[in-house]
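Undergrad: Sharing a structure here in structure tokens format.
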Amino acid sequence: MSIRIKLLLSYTGMLLISLLVFAMTASLFTIAATGDVHSLRDFYKVHYQLNPLTEQEESIFLELKYLAKNEPDRLQDQQLLKDFDFKLKTVRAGLYVRRESGRIYQSYTFNQPELGRHLPPYDLNNNQIRSTFNIGERFYAYAKYDFPYSDGQKGSVFVIRERSPFGEVTRKLLPAFVISLAGIIVIFNALLFRWITRSVVKPLDRLRHSAEHIQRGNLQFSLEPNTKDEIGQLNAAFENMRKRLQESVQLRLEDEANRKELISNISHDLRTPITNIKGYIEGIRDGVADTPEKMNKYVNIIYSKAVDLDKLVDELFLYSKLDLKQVPFTLVAVDIVDFLDDCIEEQRYVLEEKGVVIGWAHRPIPPVNVFADLEKIKRTVLNIIGNAQNYMDKEHKNIHISVHPEREWVTVEISDNGTGIPQEALPHIFERFYRAEASRNSSTGGSGLGLAIASQIIEGHGGRIWVESEVGVGTRVFFTLRRTTYEGGEGRHGRQHSDY
Ligand SMILES: Nc1ncnc2c1ncn2[C@@H]1O[C@H](COP(=O)(O)OP(=O)(O)OP(=O)(O)O)[C@@H](O)[C@H]1O
Ligand SMILES: [Mg+2]
């Protein structure tokens, strides 16, 4: 059974019960106000049959009617009429008897001189025995009987009772009151039902529709929670779930696209050296290298291309492992100044051969201990220095290294006075396979993996890497490493393993 039907049943049940309670309360009130169950019956008789008299009055009226039918002339006997009037007076009613020739008897109960003129005309068919009339603001109810006297003259006998105007109005409007009160209850119930279905069933319906959308694989919709109640919270949780799902689907699609792009880049980059190698080998096979010098040159070229290929495969392998987070980082406490001293010494000779001067720009007093995976940080530094050396166009070629220790982090800066990187290329240089325009066709252009690898390594250390550059002036590459808490308290090259 759906919630809507359950609610409908419970509301209808409540409605019936309220109507029952309403009817019972009304009856109880009437009984309490009018005295007993008889008067309740009376009340309804009065009300629904337009019987204006009480039971006693009615029985006196019946006696009078009997007389009028059988012995009409006795209804001229003043004494008899007085007796009847007296009986009626005790039940707060009065008697009025008339005949065509004039009034016969009028009770003093009402003190109403106008009475005679307001009474209905003669009607021997007695079509309407009971009715009401008013004189000014006073209301009267009566029962009347028309009859002929023995001499043929028409006569009427009235039993009249005065009623309060308020009571009369209430009585007249009672059905309308009862119907409108019951109507109010019904309408109120209907409104409540609508409110509950709107605030419960509708949102649940929306939730079901959303679930169906997801089932069909459509995540491109949004479910706005418009209430703060439990259902609103449920909707919000559902919407959250949808967003997460959409994100993960999006991520999967991006991953897929990335993978395709990676494969196409790799194939492209591998093809160039392989085509070269193939070309030179074909040259040798076809006898183009016919002198030992030529042969030597060809073999050297093939060898250097093979080395390039090897380097490329090596970089690719490292990059993809770093990207998949498959490379463990063994962080140890290292004095970064000492470490960079070693790097500079190691590179100085190779660089000087190419006319590049490398040295410190700002060297703090060691030790400045950081957590680092030595092998990987070395790779990072060499990649940056390699770039500085590759993209150099000045006569005096300089590479400067600085270390800026801060409270928690140490920033290492490697700057050069090379070509610089165009502003529009800066946001992309850490992307894999990205090469800035200037170096694209030059022989210095690598595979575009150097900085991508460096950035993966620094991220793996929890640090940050960024570049500032100006075309024609030079480039400054910065990266940060976390300081150890033991700085100053240990010797150089202190090896402190850390597990984070
Ligand atoms: N110091 C620098 N001066 C000028 N341009 C630079 C410098 N460092 C990087 N670049 C630019 O950024 C690009 C990306 O550098 P990255 O090291 O990732 O790739 P690569 O040097 O082209 O190839 P790889 O390092 O894999 O051999 C370079 O192609 C170059 O255009
Ligand atoms: Mg590089």
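The values are calculated or read from the model by the stated rules, or taken from the named source; none is laboratory data. This one's a predicted model, so the numbers in the text were calculated from it and none came from an experiment. Here the Cβ positions follow ideal geometry from the backbone for every residue, glycine too, while neighbour counts run over all protein chains shown. Heads up: the accessible areas ignore ligands, DNA and RNA and are worked out on the full protein's heavy atoms, side chains in. Shrake-Rupley method; radii C 1.70, N 1.55, O 1.52, S 1.80 Å.
Undergrad: Once you charge only the Cβ atoms, +1 for Lys and Arg and -1 for Asp and Glu, what is the size of the charge dipole of the stretch 36-163 about its Cα centre, to the nearest 20 debye?
TA: Dipole size: approximately 200 debye.
Undergrad: Right, another one. With a 1.4 Å probe and every protein chain left in place, tell me how much accessible area W409 has, in Å² to the nearest 10.
TA: Probe radius 1.4 Å; accessible area of W409 about 60 Å².
Undergrad: Once the Cα atoms of helix 165-196 and of the chain are each reduced to a long axis, what angle between those two axes, in degrees from 0 to 90 to the nearest 10, is obtained?
TA: Helix 165-196 sits roughly 20 degrees off the main axis of the chain.
Undergrad: Taking 8 Å as the Cα distance limit and 6 or more residues as the minimum spacing, I'd like the relative contact order of the stretch 230-323 as a percentage. Please list the in-between numbers first.
TA: Numbers: 25 pairs, mean separation 23.8, N = 94.
With pairs under 8 Å counted, the relative contact order is 25 percent.
Undergrad: Oh, and also: Can you tell me the relative contact order of the chain? Whole percent, Cα pairs under 8 Å, sequence separation 6 or more.
TA: 10 percent.
Undergrad: When only DSSP loop residues count, what GluC sites (Glu not before Pro) in the stretch 352-441 have their Cβ near at most 10 other Cβ atoms within 10 Å?
TA: Those that pass, being in a loop and sparsely packed, are E395, E406, E408.
Undergrad: Could you sort F139, F339 by accessible area so the largest value comes first, with the probe set to 1.4 Å?
TA: The most accessible residue leads, giving F139, F339.
Undergrad: Shifting gears a bit: For Y349, tell me the accessible area in Å² from a 1.4 Å probe, rounded to the nearest 10.
TA: The accessible area comes out at roughly 150 Å².
Undergrad: About its Cα centre, how strong a charge dipole does the chain have in debye, to the nearest 20, once Lys and Arg get +1 and Asp and Glu get -1 at the Cβ?
TA: Dipole magnitude for the chain comes out near 2960 debye.
Undergrad: How many Å³ per residue does the convex hull of the Cα positions in the stretch 154-248 occupy?
TA: In the stretch 154-248, the Cα hull volume divided by residue count equals 158 Å³.
Undergrad: Tilt of helix 78-90 relative to the longest C-alpha principal axis of the chain, in degrees (0 to 90, nearest 10)?
TA: Between helix and principal axis, roughly 30 degrees.
Undergrad: Got a sec? Charge dipole of the chain, +1 on Cβ for Lys and Arg, -1 for Asp and Glu; which of L191, N369, P120 is way out at the positive end?
TA: P120
Undergrad: Something else: For the stretch 332-482, what does the relative contact order come out to in percent, with C-alpha contacts under 8 Å and a separation of six or more?
TA: 25
Undergrad: With viscosity set to 1.306 mPa s and temperature to 10 °C, compute the Stokes-Einstein D of the stretch 332-482, Rh being the Kirkwood radius across alpha carbon pairs; µm²/s, no decimals.
TA: Numbers: Rh = 15.5 Å.
It comes out at roughly 102 µm²/s.
Undergrad: Note the angle between two axes, namely the Cα long axis of helix 202-215 and the longest principal axis of the Cα atoms of the chain, as a number of degrees from 0 to 90, rounded to the nearest 10.
TA: Rounded to the nearest ten degrees, it is 30.
Undergrad: Counting only Cα, what are the radius of gyration and maximum Cα-Cα distance Dmax of the stretch 36-163, in Å?
TA: Values for the stretch 36-163 (Cα only, Rg and Dmax): 14.0, 46 Å.
Undergrad: Still on this model: So how exposed is V313, as accessible area in Å² (1.4 Å probe, rounded to 10)?
TA: Here the residue's solvent-accessible area equals roughly 80 Å².
Undergrad: To continue, here is another question. In whole angstrom, and with the biggest value first, how far do the Cα coordinates of the chain range along each principal axis?
TA: Principal extents (Cα only, largest first): 170, 64, 40 Å.
Undergrad: Sort K305, K89 by accessible area with a 1.4 Å probe, largest first.
TA: Descending accessible area places them as K89, K305.
Undergrad: Along the charge dipole of the stretch 230-323, pointing to its positive end and built from +1/-1 on Cβ of Lys, Arg, Asp and Glu, which listed residue (N265, L312, N276) has its Cα farthest out?
TA: N276
Undergrad: Using only alpha carbons, build the gyration tensor for the stretch 230-323 and give me the equivalent ellipsoid semi-axes, biggest first, whole Å.
TA: Ellipsoid semi-axes (Å, largest first): 55, 12, 5.
Undergrad: Further question on the same structure: Would you rank T170, T475 by solvent-accessible area, highest first, keeping every protein chain in place and using a 1.4 Å probe?
TA: T170, T475
Undergrad: Can you flag which of K321/K354; K89/K154; K321/K378; K294/K321; K278/K397 are past 29 Å Cα-Cα?
TA: In this structure, K321/K354; K294/K321; K278/K397 exceed 29 Å between Cα atoms.
Undergrad: So, one more: If you roll a 1.4 angstrom probe over the protein chains with everything in place, what fraction of the accessible area of the chain belongs to carbon and sulfur, to the nearest %?
TA: That fraction is 57 percent.
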